[in-house]
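Since the structure comes first, as structure tokens, the remarks are kept for the end.
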Amino acid sequence: PGDIATLLRLFPVLQQVDSVARAPLLEPEARDPLALRRRGFAALRMMLARIGEQRPLVLFIDDLQWSDADSMILLEDLLRPPDPPRLLLLGSFREEEIESKPFLQDLLKQAGSAGRRELRVAPLSVDESRRLAHAVLGGAHDALVDTIVTEAEGSPFLVEQLAMSALHATATTTHGVSLAEMLNGRLRHLPAGALPMLAT
């Protein structure tokens, strides 16, 4: 969009995009923060609309529960009618945060429509956890799979991390794997100076 300079004020990370970095930047005349924000939102909406016209566009926001009020205002502005950008918005958040976050409650109220739905992601079953652990281990350390599945309690992230930890452990440390052992191993391999900082 022509107002790319205002958009860059809101999202400096976009300077890493080649076409944005090469664009001529005209310094915005407005100095009012609210006016700059409105113009930046409009520029983002236009940019996403143009991308959505050319190819499928997926916008993924992880840990939506940590969003602030400005983020929610941006999302509402981005998706408001008429003619919002053509995109698939995926937002993930922790279920236990719903009660304390009114904006998540509002999002879920809108989830039952044709264009919006809620997909619950439950913990992995024991069989699913075993398959994931086997996939990461690649047949090595099969004896540790049951321990990994128990320790991970259905978390795919922990299954993967525990299995990777088992893969990189030495023969003397592969008698078992636990979350505590994995974390202690990571702590032992921190660079000099990192442990005192972490302790602080």
Worksheet, complete the sentence: From the option list ALA140, ALA133, single residue qualifying as over 28 Å from LEU64 (Cβ atoms), at pLDDT 90 or above, surrounded by 12 or more Cβ atoms within 10 Å (Cβ to Cβ) and among the hydrophobic types (A, V, I, L, M, F, W, C) is ALA133
Discussion item. Just to be sure before I move on: is ALA35 under 23 Å from the mean Cα position of the chain (by Cα), within 27 Å of GLN15 (Cα to Cα) and not β-branched (Val, Ile, Thr) in the structure I sent?
Written reply: no
Fill in: segment 143-166: number of residues that are more than 24 Å from the chain's Cα centre (by Cα) and exposed (fewer than 15 other Cβ atoms within 10 Å of the Cβ)
3
Item to complete: Give the number of residues within segment 56-78 that are in contact with a strand residue (DSSP E or B) (Cβ under 7 Å, 6 or more places away or on another chain) and under 17 Å from ARG38 (Cβ atoms).
Response: 0
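The values are calculated or read from the model by the stated rules, or taken from the named source; none is laboratory data. As the structure is a computational prediction, the values presented were derived from the model and not from experiment. Ideal geometry is used to build each Cβ from the backbone, glycine not excepted, and the neighbour counts take in all protein chains shown.
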